[in-house]
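See below for the structure under consideration.
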Amino acid sequence: MILKTTEVLIGNEKHIVQITSHQEDSEPTLQDMALLIEQVTGVPVPFQKLICKGKSLKEMEQPLSALGVKNGCKVMLIGKRNSPEEEAELKKLKDFEKSVEQIANKLEEINKEFTGIQKGFLAKDLQAEALNHLDKRIKGTAEQFMKILEQIDAILDNVFLERRRKLTKNLPENFSDCKLKKKGLVKKVQAFLAQCDTVEGSIGQEMDKLQSKNLALAE
């Protein structure tokens, strides 16, 4: 790993950072530096504006030397730190993100089992019971996604209500990072819910087909 030492200026603050590459035997990139600056200053990467020698640094994948950033260089940072309140809300969102991944794994397992039944990997006399079980599981998975979506929607609500109670101004400009992450997570959960609907519908169709076959055989 190649090391670069840079002086980062944000307002009246000065930080000395030592940047290493995340890839072995390669030079640190602007992305490496931005991630380290986020850790040191608390300014999230999407809200950083980095300036070196009067030039704005934007190409994240470029090596620092290609951008003119050398050992001992001064880099000016313009950006907004997250407030302690926002950090707390971001932590909640990260926890929800982990929960969403766990539920998504359940959805994937159900989908695999259903595909196996469709391909005839399960004996015909066991298919009806297996499909009923999968139907219950997919409904339960969808309910878990709905519950977590409600919890995600509630993120920031209590903070905003408290600030309104205290007549705090500038609410719309605050929590930009949190709002962005929340929006992305909501879209992700909504996409998983759509998958649940599709799988549940397919399971229902397969159950109907199996029931029709059994009725035909009974006649």
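The values are calculated or read from the model by the stated rules, or taken from the named source; none is laboratory data. The structure presented is a predicted model; accordingly, all values stated were derived computationally and were not measured. All Cβ positions, glycine included, derive from the backbone under ideal geometry; neighbour counts span all protein chains shown. Note: areas computed on protein heavy atoms with side chains; ligands, DNA, RNA excluded. Shrake-Rupley method; radii C 1.70, N 1.55, O 1.52, S 1.80 Å.
Determine if the range 103-114 includes at least one residue that is modelled with pLDDT under 95 and more than 23 Å from the chain's Cα centre (by Cα). No - not one qualifying residue is present in the range 103-114.
Find the strands (runs of 3 or more DSSP E) located wholly in the range 7-59 whose residues include 1 or more that are surrounded by 16 or more Cβ atoms within 10 Å (Cβ to Cβ) and out of contact with any helix residue (DSSP H, G or I) (no Cβ under 6 Å at 6 or more places or on another chain), and list them.
Details: elements: 13-20, 49-52, 55-57.
In the range 7-59, the matching strands (runs of 3 or more DSSP E) lie at 49-52.
Of the numbered criteria (1) surrounded by 11 or more Cβ atoms within 10 Å (Cβ to Cβ); (2) touching a helix residue (DSSP H, G or I) at 6+ places or on another chain (Cβ under 9 Å); (3) modelled with pLDDT under 95, the one Ala130 fails is (3). Select from the range 79-130 the residues that are in contact (Cβ under 8 Å) with a residue 40 or more places away in the chain and among the β-branched types (Val, Ile, Thr) and list them in ascending order. Val100, Ile103, Ile110, Ile117, listed by residue number. Look at (1) modelled with pLDDT of 90 or more; (2) among the β-branched types (Val, Ile, Thr); (3) in contact with an Asp or Glu (Cβ under 8 Å, 6 or more places away or on another chain) and you find that Val159 fails only one, number (1). Considered as a group, the residues in the range 60-77 that are open to solvent by 70 Å² or more (accessible area, probe 1.4 Å) and touching a residue at least 40 places away in the same chain (Cβ under 8 Å) include one that is nearest to Ala154 (Cα to Cα), and that residue is Met76. Being over 20 Å from Lys139 (Cβ atoms), exposed (fewer than 14 other Cβ atoms within 10 Å of the Cβ) and either in contact with a helix residue (DSSP H, G or I) (Cβ under 7 Å, 6 or more places away or on another chain) or of a type in the set (Gly, Ala, Ser) (or both), is that true of even one residue in the range 96-119? Within the range 96-119, none of the residues are over 20 Å from Lys139 (Cβ atoms), exposed (fewer than 14 other Cβ atoms within 10 Å of the Cβ) and either in contact with a helix residue (DSSP H, G or I) (Cβ under 7 Å, 6 or more places away or on another chain) or of a type in the set (Gly, Ala, Ser) (or both).
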